[in-house]
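Worksheet for the structure shown next.
Just so it is clear, none of the values below were taken in a lab; they were calculated from the coordinates. Here the structure is a predicted model, which means the values were calculated and not measured. No Cβ is skipped: glycine too gets one built from the backbone with ideal geometry, and neighbour counts run over all protein chains shown.
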Amino acid sequence: MRRKIPKVLQRDSLRQKWMLVALLGTISAVVVTAVYGSNKPLPANVSYEGKEHRTDNVRFLEDHTYVSSTESKVVEQEIFDTVMRKIEEADQFIVMDMFYFNSEHEAGADFPPLTRRVSEALINKKEAEPDIEIVVITDPVNTFYGAYTPEHFQQLEESGIEVIFTELEALRDSNPLYSGFYRTFVQWFGNHGRGWLPNFFSSNAPDVTLRSYLEILNFKANHRKTLVTEKAGMVTSANPHDASGYHANTGFEVRGAVLKDLLKTEKAVAEMAGRPGEKFDSFISDVEVPTGIGEYKVQLLTERKIKERVLREIRELSRGGKLRMGMFYLADRDVIEALIEAANRGADINIIMDINEEAFGSEKIGIPNQPAAHELVKKTNGRINIRWYHADGVQYHAKMMMMEKTEQTVVIGGSANMTRRNLDNYNLETDVVVTGNNDSEAVEEVRSYYQRLWNNSDGTHTLDYKKYKNNSRLLYWRYRLQEWSGMSSF
C-alpha cells in the first residue's frame with residue numbers, strides 16, 4: 001500500500017517546481033533579450049557607405065596643445081574656429097551632430113567655453129536670419145540620460161532651433177551581459193523624478209537618479225562630431241565640450257556632393273528619434289555642388305563600413321607601404337591583428353597613441369592603449385613604431401589613419417576610435433575617406449602634421465615608446481576581457 005504524501009509536502013514540492021520554472025523563464029528572457037539586443041536589425045542608413053565623389057575642396061583641420069622648445073604651453077585650435085565660420089556662412093540650413101555638448105567640469109578648472117561659444121553662435125544666427133533651419137543632434141549623455149536638461153539646450157529650443165536627443169534604443173547593445181538584465185527589468189520604469197545621487201561628470205552639475213546610472217552602463221552612444229550646411233561639411237574628432245577644449249583633435253572640411261551623404265546619415269538619426277525626415281530631404285536638394293573635375297576623391301562612411309575600409313587598406317599594404325596612425329583608443333582585435341600581419345610583411349607602420357591615463361580629470365590605468373601597444377611591438381619584433389602623445393593633462397583625441405601609396409595617399413578620419421564599440425555597429429560614428437595625389441595640398445597638410453608630432457620639430461609633442469611601456473599580463477587580459485565583453489567605457 002502506497003503511503004499518502006501529506007498535502008503540506010505536496011504544496012512545497014509544487015511551489016519549488018514553479019519557482020524553478022520561474023527562474024528558468026527569467027534566465028531565458030534575459031538571455032534572449034541580450035542576444036537579440038546585440039544582433040537586432042539596424043535602422044535604415046546606419047552602417048552607411050556613400051559613393052566616392054570628386055571635389056577640389058578638402059581642408060585638413062587640427063587642434064593641438066603642446067610644450068614649445070622654450071618650455072611654454074602652446075594651444076593651437078582651428079576646428080571650432082572653422083565651425084564658427086561655417087555657421088556664419090550658412091544661408092539655408094545648419095545640421096550639427098555632436099556627442100559631448102556641455103560645459104560641465106569641476107569648479108576651479110580653466111577650460112575654453114566651447115559650449116557657450118557654439119550655442120551663442122547658433123542662437124545669434126537664428127535671431128539674425130529667422131528663416132534659416134537649424135537642427136542640433138546630440139547624445140543623451142548630455143542630460144545624464146534624462147535626469148535633467150542643461151540650460152543651453154533650453155535656450156536653443158526657445159530660439160526656434162530644433163534639438164534632437166538621439167534615441168539609443170534603436171541601436172544594438174554593446175554590453176549584452178548587462179543590457180539583457182537592464183532591458184528585462186529596468187528600462188520599463190523610465191527616468192523621471194528628482195535626482196538624488198551625485199553627478200560624476202561634475203560636483204557642480206545637478207544630482208541624478210539611480211536609473212540614469214543604470215542606463216549609462218549600456219555603454220553605447222551617438223559618438224558623431226559633424227556639421228553640415230548647404231555650402232560645406234565638417235567631419236571631426238572634436239566635441240564642443242568645455243573640458244575637452246584643450247584636447248588634440250583632427251578633422252576635415254569638405255564640399256560638394258558628399259554633403260548629401262552626410263545629410264542622409266543625419267536624417268537616419270532624426271528618424272530614429274521619431275522626427276520626420278522630409279526636412280532633411282529639402283536640405284539635400286539645397287546642397288551646392290561645385291563644377292570641376294575634382295582633385296580629391298571623398299567618401300563618407302559610418303559605423304561598421306569604417307572598419308571594413310580600414311581593414312581593407314591595412315591588408316593591402318605591401319612591403320615598403322607606409323601607414324601613419326594617430327589614435328585615442330586602439331583595441332579592436334581585427335585591426336590589431338591586421339596591423340601585426342602588415343608589419344610582418346614589411347609595411348612601414350608608425351602609430352601615435354594616447355597614454356590613456358587621464359579622462360576629464362579622473363585617473364585611468366592605461367587601458368586599452370598600453371597593453372595593446374605592447375602586443376603590437378612584441379608580436380612584430382619592434383617593426384611597428386609607437387610614440388606616445390605628450391599628454392600633461394591633455395588627451396590625444398584624434399582618430400585618423402594615412403596610407404601612402406606609390407602615387408596617391410588615402411586618409412581616413414573622423415569620430416571612430418579603433419575599438420569594437422566604435423567599429424562593430426554599436427555606436428553611431430562618422431568618418432570621411434580622402435584620396436589625393438601624394439603632392440596635393442590636403443595630403444601635404446596631413447603629412448606635415450604627422451611628421452611634426454613624430455619628430456618633435458618645434459617642441460615636445462610625442463614621447464618614446466619606452467616612456468610608458470607596460471608589459472603587465474594582468475592589464476593585458478583585463479583589456480582583452482573588457483574589449484570582448486563590452487563591459488568597458490572604450
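With R₀ set to 25 Å, the beta-carbon distance separating Arg116 from Glu76 gives a calculated FRET efficiency near 0.75.
Report summary: the helix-based calculation at 222 nm, which adds -39500 (n - 2.57) for every DSSP H run with n ≥ 4 and divides by the residues of the chain, gives -11000 deg cm²/dmol. Here the extension length gained between Asn39 and Asp458 equals 146.0 nm, from 0.36 nm per residue of separation less the Cα-Cα distance. Computed on the chain, with alpha-carbon pairs under 8 angstrom and 6+ residues apart, the relative contact order is 20 percent.
Per-residue packing, averaged as other Cβ atoms within 10 Å, sorts the ranges 351-358, 379-386 into the order 351-358, 379-386, beginning with the highest. For Ser69, the shell of other residues with beta-carbons less than 13 Å away shows a net charge of 0, using +1 for Lys and Arg and -1 for Asp and Glu. Within segment 53-286, DSSP assigns beta bridges of which about 70% are antiparallel (rounded to the nearest 5).
Taking every Cα-Cα distance in the chain and sorting them into 20 Å bins from zero, the calculated P(r) comes out as 22, 55, 18, 4, 1, 0 percent. When the label point is put 7 Å from the Cα of Asn124 along its Cα-to-beta-carbon vector, which residues of segment 75-97 have a backbone N closer than 11 Å? Residues passing the 11 Å test: 84-85, 88. Summarising the label geometry, the points placed 7 Å from Cα in the beta-carbon direction at Val289 and Asp439 lie 3.1 nm from one another.
In the chain, a dipole from Cβ-located charges (positive for Lys and Arg, negative for Asp and Glu) runs towards its positive end, and of Asn124, His223, Thr409 it is His223 whose Cα lies farthest in that direction.
Rounded to the nearest 20, the size of the Cβ-charge dipole of segment 38-101 about its Cα centre is 340 debye, with Lys and Arg at +1 and Asp and Glu at -1. Between the helical axis of 369-378 and the dominant principal axis of the chain, each derived from Cα atoms, what acute angle in degrees is found, rounded to the nearest 10? With rounding to tens, the tilt is 70 degrees.
Rounded to the nearest 10 degrees, the inclination of helix 114-128 to the longest alpha-carbon principal axis of the chain is 80 degrees.
Charging the Cβ of each Asp and Glu at -1 and of each Lys and Arg at +1, and nothing else, the dipole of segment 96-222 about its Cα centre rounds to 520 debye. A simple charge model with +1 on the Cβ of Lys and Arg, -1 on the Cβ of Asp and Glu and nothing else charged puts the dipole of the chain at about 3700 debye relative to its Cα centre. Bridge orientation summary for segment 335-429: considering DSSP beta bridges with both residues in this region, about 60 percent are antiparallel.
Pairs exceeding a 22 Å alpha-carbon distance, out of Lys379/Lys466; Lys405/Lys466; Lys231/Lys267; Lys405/Lys467; Lys225/Lys467: Lys405/Lys466; Lys405/Lys467; Lys225/Lys467. When you count the other C-beta atoms within 10 angstrom of each residue and take the mean per peptide, 141-150, 19-28 line up highest first as 141-150, 19-28.
Spin-label model, Lys466 to Gln155: label points 7 Å out along the Cα-to-beta-carbon direction sit 5.1 nm apart. What does DSSP give for the chain in terms of the percent of beta bridges that are antiparallel, rounded to the nearest 5? Once the DSSP bridges in the chain are tallied, antiparallel ones form about 70 percent.
What the Cβ-Cβ distance of Glu363 and Ser28 gives, at R0 = 45 Å and to the nearest 0.05, is a FRET efficiency of 0.65.
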